[in-house]
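Worksheet for the structure shown next.
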Amino acid sequence: MRLTILNGPNLNLLGEREPEIYGSTTLAEIETDCRACAERIGASLSFHQSNHEGVLVDWIQAARLNSDALIINPAGYSFSSIAMLDAMKIFKGPIIELHISNIHARDEQHRHSKLSVAATAVICGVGPRGYLLAMEAAAYLLGRSVRGAA
Ligand code: CA2
């Protein structure tokens with residue numbers, strides 16, 4: 001099982017600012033935990049962060065060739081990026097959209113993700129632990145599609 005985790009703009013600053021919303025865990029710590037989880041569930045893992053929309057689009061396109069499932073925290077691009085939405089629509093495997101905070105409990109600007117329509121599942125509000133839940137969800141969704149079970 002090959003998993004790609006993509007992180008959008010400003011998530012490189014996790015743990016440094018606004019800990020009351022996003023917690024004090026850094027993205028490097030999240031990556032370490034994700035790599036341990038990948039080993040546990042027998043997955044290979046590509047883990048990336050970019051502040052640039054086009055770079056994220058390139059990685060989503062690349063995932064079509066090198067990944068079975070895609071986990072994406074699009075951050076601020078959740079609310080604006082038709083380019084990422086278009087790229088996600090052509091990915092064949094499960095896509096888990098992930099947010100550290102509960103976007104539904106946020107202000108109007110942070111409430112409606114344009115990308116969720118292309119996601120198989122959405123996880124939000126669980127903090128950094130959501131990344132591990134998303135990896136388990138990806139494994140579950142892949143297993144289900146292989147076996148065709150409910
Ligand atoms: O909760 C999430 O994971 C978000 O995707 C994070 C985005 C926000 O726009 C979404 O509504 C929810 C923002 C990421 C910004 O990250 C920062 C990290 C540290 C300090 C400031 C921003």
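Summary of values
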read-out: Selected residue (criterion: farthest from the ligand (Cβ to nearest atom)) from residues of the stretch 27-44 that are in contact (Cβ under 8 Å) with a residue 60 or more places away in the chain, touching a helix residue (DSSP H, G or I) at 6+ places or on another chain (Cβ under 8 Å) and not small (Gly, Ala, Ser); value: 41
read-out: Of residues in the stretch 72-92 being under 13 Å from residue 59 (Cα atoms) and among the small types (Gly, Ala, Ser), the one farthest from the chain's Cα centre (by Cα); value: 83
read-out: Residue, nearest to the ligand (Cβ to nearest atom), within the stretch 1-26, restricted to residues that are surrounded by fewer than 19 Cβ atoms within 10 Å (Cβ to Cβ) and assigned to a helix (DSSP H, G or I); value: 13
read-out: Hey, residue 30 in contact with a Ser or Thr (Cβ under 9 Å, 6 or more places away or on another chain), surrounded by 16 or more Cβ atoms within 10 Å (Cβ to Cβ) and not in a loop (DSSP other than H, G, I, E, B) or not; value: no
read-out: Residue list for the stretch 89-122, filter: assigned to a helix (DSSP H, G or I), within 15 Å of the ligand (Cβ to nearest atom) and either within 22 Å of residue 12 (Cβ to Cβ) or basic (Lys, Arg) (or both); value: 103, 109, 110
read-out: Yes/no for residue 146 being surrounded by fewer than 17 Cβ atoms within 10 Å (Cβ to Cβ), part of a helix (DSSP H, G or I), modelled with pLDDT under 95 and not small (Gly, Ala, Ser); value: yes
read-out: Any chance residue 81 is in contact with a Lys or Arg (Cβ under 8 Å, 6 or more places away or on another chain), within 13 Å of the ligand (Cβ to nearest atom), under 15 Å from residue 10 (Cβ atoms) and small (Gly, Ala, Ser); value: yes
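The values are calculated or read from the model by the stated rules, or taken from the named source; none is laboratory data. Quantities reported herein were computed from a predicted structural model and do not represent experimental measurements. Reconstructed Cβ throughout: ideal geometry from the backbone, glycine too, with neighbour counts over all protein chains shown.
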